[in-house]
Amino acid sequence: MLVRNILEVLQPLIPRWSWSAAVLAALLPLSAYAAVTVSIRPVDASNVWVASLPIGSQGVAASWDVPPGSSVFRAPIERGIQTLLCVGASERATSCRRVSVGQDSAETFTIESGREVRGRCLIGRRPGAKAVLRVVYAGLQSRRAYAIPFGRREQKIIDSVQADSEGRFIIPHIVPGDYVIDVRLPNGRIHRTTTITIPARKANEAEAAVQIRDISIPAGVDIAIGVRTRDGLPVSKAGIGLWQERDTNDEQPIVVEAKSDLKGNAVLSGADSKLPLRLTCSAEGFVRANLRFDAPPNEATCVLDRFASIRGEILDEHGVPRAGANVSIRGTSSRSTTDEHGSFVFRNLPAGDYGLRGTLPGYRTANVEVSVAPEEEKRLNAIDLVPGDAIHGHVRDAASGTAISGATVRIIDPLGAGEATSDDAGAFSLTADATAPMALEASASGFATVRQIRT
């Protein structure tokens, strides 16, 4: 049996005279939310509401009604999340600002009547009837889609207006500034305007709506899309997306989205006949298909493959199924834990080659190479575990060299391979795979966590 000696050294977290406060902070982590005290002016506004819209990669949107007669509201905002904090009221323009809070703070908002904006949406020479329009701030970088709220009704944010049968629309109240309008047409096409400036009202200027230039969207060409399985069967409710851009810096790419009907068909309208395009098709239970064309075809077919799957079981040296074993796909975050029958399964896999890794405390790591074809349900032979090797080490204070008892030593790569607790002499023992690289983590109260890689 292989024996590997490991010496784990923990660095003191902070000076000894303040360790108890640090441990308390570790046991009672700070809340994920901070309270932002929102002061609202003027105080006579009615039906006031507050909304937080995440514009980073994380966070959840939320909105609240401010109690009648109140001009102050404490909004719980997720810490460290890039957020658009907005305040609005009846017959008032929404006021928003970008915030990223780390602790309780205060913000003051003045909500004014703003200006009424009128415009018209055209598709070629035809009115863009029933187009849905949303407004965003020009120049505001966002990692997720958002729209400036116009109001709140029945606890839901209203963030769009709809054009009438003649393509005309009205935005009742908006703060003067620079904006971009996102237009979604009934046929699934999405158009983004260039920057539109809403001017402030001049002194002594009469109350009047701002008439912006027509939003003109080229009619483009139609493409008939069919979505089929590899067997030629129609795929209904598949999401279909079209993307065209003039160059990599195109601020107005042509985007069209649609869903296939019961026969697996859809028509995408508005493609530029002179530009190359990318076409994507996706549906639940299928691998996404990506197609490229140098120019828009009259028709195209997306062939979707169903996801493949891998099933298997983990047995110990006696041929007994083992529950609780960790099975992962190398190079991915995909993991599975064996059930009481020692079984595991990976679903929703594209065709390809995969490396599986199985771990269980007390055993060596098992590695299996697998290839799956499109739509294949691969059933593996049983994966047999081999008893592990003895791994010994000590945990000591880096500053004084004294032994640390009660420290937790855990194998974090491969995940689930084992953990141990140091004894009064600081010694620990693990049974795992000493023949392969591993990453160890040691932690103890009052000390910083240490990680070491053993090759």
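The values are calculated or read from the model by the stated rules, or taken from the named source; none is laboratory data. A quick note: this is a predicted structure, and the numbers were derived from the prediction, not measured. Heads up, the Cβs are rebuilt from the backbone with ideal geometry, glycines too, and the neighbour counts pull from every protein chain shown.
A few remarks follow.
- Within the range 41-87, considering residues that are assigned to a strand (DSSP E or B) and charged (D, E, K, R), the one nearest to residue 158 (Cα to Cα): 65
- Scanning the range 41-58 for residues that are over 18 Å from residue 104 (Cβ atoms) and either within 32 Å of the chain's Cα centre (by Cα) or free of Cβ contacts under 8 Å to residues at least 40 places away in the same chain (or both) returns 43, 44, 48, 49, 51, 53, 54, 55, 56, 57, 58.
- The residue of the range 361-408 that is nearest to residue 452 (Cα to Cα), among those that are of a type in the set (A, V, I, L, M, F, W, C), in a strand (DSSP E or B) and in contact (Cβ under 8 Å) with a residue 60 or more places away in the chain, is 395.
- Test for residue 69: is it more than 26 Å from residue 184 (Cβ to Cβ) and small (Gly, Ala, Ser): yes
Condition check ((1) touching a Gly at 6+ places or on another chain (Cβ under 9 Å); (2) in a strand (DSSP E or B)) across all residues:
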| residue | (1), (2) |
| --- | --- |
| 121 | yes, yes |
| 147 | no, no |
| 183 | yes, yes |
| 186 | yes, no |
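- Residue that is outside the structural domain of residue 264 (by TED's automatic domain parsing), within 30 Å of residue 235 (Cα to Cα) and not charged (D, E, K, R), where the choices are 356, 349: 349
- Tally of residues being assigned to a loop (DSSP other than H, G, I, E, B), within 18 Å of residue 398 (Cα to Cα) and in contact (Cβ under 8 Å) with a residue 40 or more places away in the chain across the range 418-448: 4
- Among (1) among the acidic types (Asp, Glu); (2) surrounded by 14 or more Cβ atoms within 10 Å (Cβ to Cβ); (3) outside the structural domain of residue 329 (by TED's automatic domain parsing), the one test that residue 424 misses: (2)
- Any hit, the range 390-400, residues being charged (D, E, K, R) and either at positive phi or surrounded by fewer than 16 Cβ atoms within 10 Å (Cβ to Cβ) (or both): no
- Long-range neighbours under 7 Å by Cβ, at least six apart or interchain, first residue over 23 Å from residue 145 (Cβ atoms) within the range 186-206, second in a loop (DSSP other than H, G, I, E, B) and modelled with pLDDT of 90 or more: 199/176; 200/176
- Filter result for residue 267 (surrounded by fewer than 17 Cβ atoms within 10 Å (Cβ to Cβ), aliphatic (A, V, I, L, M) and touching a residue at least 40 places away in the same chain (Cβ under 8 Å)): yes
- Residues in the range 155-181 that are over 27 Å from the mean Cα position of the chain (by Cα), more than 13 Å from residue 134 (Cα to Cα) and either aliphatic (A, V, I, L, M) or assigned to a loop (DSSP other than H, G, I, E, B) (or both): 164, 165, 166, 167, 175, 176.
- Picking from residues in the range 316-336 that are among the β-branched types (Val, Ile, Thr) and loosely packed, with under 13 Cβ neighbours inside 10 Å, the one that is farthest from residue 228 (Cα to Cα) is 320.
- Here residue 97 clears all of (1) on the phi < 0 side of the Ramachandran plot; (2) part of a loop (DSSP other than H, G, I, E, B); (3) without any contact (Cβ under 8 Å) to a residue 60 or more places away in the chain; (4) not hydrophobic (A, V, I, L, M, F, W, C) except the condition numbered (2).
- Residue in the range 308-315 that is surrounded by 13 or more Cβ atoms within 10 Å (Cβ to Cβ), modelled with pLDDT of 95 or more, in contact with a strand residue (DSSP E or B) (Cβ under 6 Å, 6 or more places away or on another chain) and in a loop (DSSP other than H, G, I, E, B) present: no
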